[in-house]
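This report refers to the structure that appears directly beneath it.
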Amino acid sequence: MQPHSLVAIVTILSLLLYLSMGIGVARARGKSGIHAPAMTGDPILERTIRVQSNTLEWLPIFLVSLWLFAIHWNDLVAAAAGLVWIVGRVLYARGYVADPSKREMGFMIQALACMVLLFGALGRIIYVMATVGA
């Protein structure tokens, strides 16, 4: 059985990215003086919260696709696509917090990486089922 160490590292890096986004929300709260549970009143805080929330929305799709691709296709390619996803999320976050109109490039990068993983895994599973039988 393949250990999938590279994908495990990418998984941990993606979770560390999400953790750092949570810390970013705390910092934005401190700078704005807006304390929980309030979520509005400062544009930077609102965008920072949205970046964290949007990343959370994508994490299940990304992580499941990452692991299915690694298991059914290739660990190295999955890890590489996972790193591209992380870079896309970082670009998305920086762009969105600075100016929401600057989020598109990062979003497209991460979405493309995720779709490669998702449809790559699906395609491989269907191919194996069709050729080997399930």
Please check which bits of segment 54-95 a label hung off residue 44 would reach, taking the label as a point 7 Å along Cα-to-C-beta and the cut-off as backbone N under 17 Å. 93-95
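In whole Å, what three semi-axes, largest first, describe the equivalent ellipsoid of the chain built from its Cα gyration tensor (square root of 5 times each eigenvalue)?
Working: eigenvalues 234, 39, 27 Å².
With the √(5λ) rule applied to the chain, the semi-axes are 34, 14, 12 Å.
For segment 51-96, report the translational diffusion coefficient in µm²/s to the nearest whole number, using Stokes-Einstein at 20 °C, 1.002 mPa s, and a Kirkwood Rh over Cα pairs. Mind dumping the intermediate values first?
Numbers: Rh = 11.1 Å.
My calculation gives 194 µm²/s for D.
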Quick one: net charge around residue 48, please, counting Lys, Arg +1 and Asp, Glu -1 for every other residue with C-beta under 12 Å from its C-beta. +4
Rounded tilt (10° steps) of 43-72 against the dominant C-alpha axis of the chain: 10 degrees
Lys and Arg at +1, Asp and Glu at -1: add these up for the other residues within a Cβ distance under 14 Å of residue 10 and post the number. 0
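No value in this document is a laboratory result; all are computed from the given coordinates. Everything numeric in this text was worked out from a predicted model, so none of it was measured. Don't worry about glycine lacking a Cβ; one is built from the backbone with ideal geometry, like all the others, and counts go over all protein chains shown.
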